[in-house]
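For reference, the structure discussed in these notes is given below.
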Amino acid sequence: MKTVGSELNNQPKPLWLLAELTYKCPLQCPYCSNPVDFAKAKNELSTEDWLRVMREARAMGATQLGFSGGEPLVRRDLEELIREARRLGFYTNLITSGVGMDEERIKGFKEAGLDHIQVSFQASSEELNNFIAGTDAFKHKLEMARLVKKYGYPMVLCFVLHRQNQEQVRDILELAITLNADYVELATTQYYGWAMVNRDQLLPSREQLEQAEAIAHEYQKKMKGKMKIYYVVPDYYETRPKACMNGWGAVFLTITPDGTALPCHAAGQLPGMTFPNVRDHSIDWIWNDSPDFNKFRGFDWMKEPCRSCPERFKDFGGCRCQAYMLTGDAANTDPVCDLSPRHQVVLDAIAAAKEAAQRPVAVVKPLVFRNPQNSKRRIAEKQAGVAGTLY
């Protein structure tokens, strides 16, 4: 039964709607932020469901709409969704690997009114890109990037950085220049989902980061006015946590493939929470009145040292999902913060990754690739009570 939210509620409105259309994907990236147990996700929202979600979110003031996944190109109704989003007045962004796209489909997106296409790469070299992706995709990505530019879209490239490709940053930026990119996101891996499973194999060293950051700054100066380059240091090497999603339930609204509504893409893992589904409730009720969307709003829920810290107005205590994954309690201070009594867990993670990087190749723990088979295995292990398998 659908319910209507409170018209008198003064909560901030969701400005950014992330539509995770599907968890299906032709790639197998070991840093994917999708849930490790995505294989149990069934019953994707229908076209009509998504159209209603978009209308309700737009009526509440949402202006930015991201089509994501998995790989959103898998959905054959994508053009229809884009067309309705344009009619509603959204600024639309397709976040894609490019696999499953061709020139005819790009033309179709243009005709439907899509504003923005972001193409992801796994590395600057074909060999490493295809290894990380788990499929022969590099040449196709290059072709799609050029076609995106041909059809008048801003050229937006995303490279997820980690220990395996951190030392390719110069080559990555040279590739971006060759492709006439307008924007390049050097998206440091965030350790959720599959990236958390593979953290020891992905977390770079401080030395790698410092070198990569210096190169990024060099190219920011070199390409000023020609190409914008965004580079962010990973949380684990900071002393203050990020203002995750600008605060819980403040700006971002994520809808998963089965219709579960989340205040961020990783929140579904938090125990003791039953997030609402758009099949049962309106976006208005979900955003304003859902107990779980209100759980970490404001500051009353905070423990010390966050509760009395002046930085709480800037960082909101950091990331609730990271706090849970690293400390077992989503209400704890994000341990990235060096004021957290549990900050040592971050230092231990850095040390473990450094130790793993120094092991002989023959004893290095292999990457666990994101695919249905590995997801099902992880689900079975969790059900059997095998410790430490999901996170």
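The values are calculated or read from the model by the stated rules, or taken from the named source; none is laboratory data. Note that this is a predicted model, so its numbers are computed, not measured. Ligands, DNA and RNA are stripped out before the accessible areas are found, and what is left, the full protein with its side chains, is counted by its heavy atoms. Shrake-Rupley method; radii C 1.70, N 1.55, O 1.52, S 1.80 Å.
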Checklist entry - Out of residues 5 or more away from C158 or on other chains, whose amide H comes under 5 Å of its own, with H placed 1.01 Å from N in the peptide plane? => result V119, S120, F121, E185
Item to check | Rule-of-thumb Rg ratio for the range 42-97 [Cα; 2.2 N^0.38 Å; N residues] | outcome: 1.07
Checklist outcome for this item: Ignoring ligands and nucleic acids, L347 exposes an accessible area, probe 1.4 Å, in Å² to the nearest 10, of 80 Å²
Checklist entry - If you count the DSSP beta bridges with both ends in the range 131-268, what percent of them are antiparallel, to the nearest 5? => result 15 percent
Checklist entry - Can you list the equivalent-ellipsoid semi-axes of the range 170-304, largest first and in whole Å, using the square root of 5 times each Cα gyration tensor eigenvalue? => result 35, 19, 15
Checklist entry - the range 62-133 to the range 346-360: how many Å between their Cα centroids? => result 36 Å
Next on the checklist: Before I look further, what does the chain give for accessible area per residue, probe 1.4 Å, in whole square angstrom?
Outcome noted: 44 Å²
Checklist entry - Taking Cα pairs under 8 Å and at least six residues apart, what relative contact order does the chain come out at, in percent? => result 22 percent
Checklist outcome for this item: Non-local residues with an amide H under 5 Å from the amide H of R163, with H modelled 1.01 Å from N and Pro and chain starts lacking one, are L203
Item to check | Projected area averaged over orientations for the range 270-330, convex hull of C-alpha atoms, nm² | outcome: 4.8 nm²
Item to check | Carbon + sulfur, % of accessible area of the range 229-377 - ligands and nucleic acids excluded, 1.4 Å | outcome: 56 percent
Checklist entry - For the chain, max minus min Cα coordinate along each principal axis, in Å, sorted largest first? => result 57, 54, 46
Item to check | From phi via Karplus (6.51, -1.76, 1.60), per-residue ³J(HN,Hα) for the range 160-166 in Hz, x at Gly/Pro | outcome: 7, 9, 7, 4, 6, 10, 4
Checklist entry - Can you list residues whose amide H is under 5 Å from S282's amide H, if they're 5+ apart or on another chain and H is modeled 1.01 Å from N? => result T3
Item to check | Cα radius of gyration and Dmax for the range 206-257 (Å) | outcome: 15.4, 41
Checklist entry - Counting only protein chains, not ligands or nucleic acids, how are E127, E20, E103, E304 ordered by accessible area (probe 1.4 Å), most first? => result E127, E304, E103, E20
Checklist entry - Roughly how many percent of the accessible protein surface of the range 108-209 is carbon and sulfur, given a 1.4 Å probe and a whole-percent answer? => result 45 percent
Next on the checklist: Could you give each residue of the range 202-208 its phi-based ³J(HN,Hα) in whole Hz, using Karplus coefficients 6.51, -1.76, 1.60 with θ = phi - 60°, and x for Gly or Pro?
Outcome noted: 10, 5, x, 7, 4, 5, 4
Item to check | Heavy atoms of W248: accessible area, 1.4 Å probe, square angstrom to 10 | outcome: 30 Å²
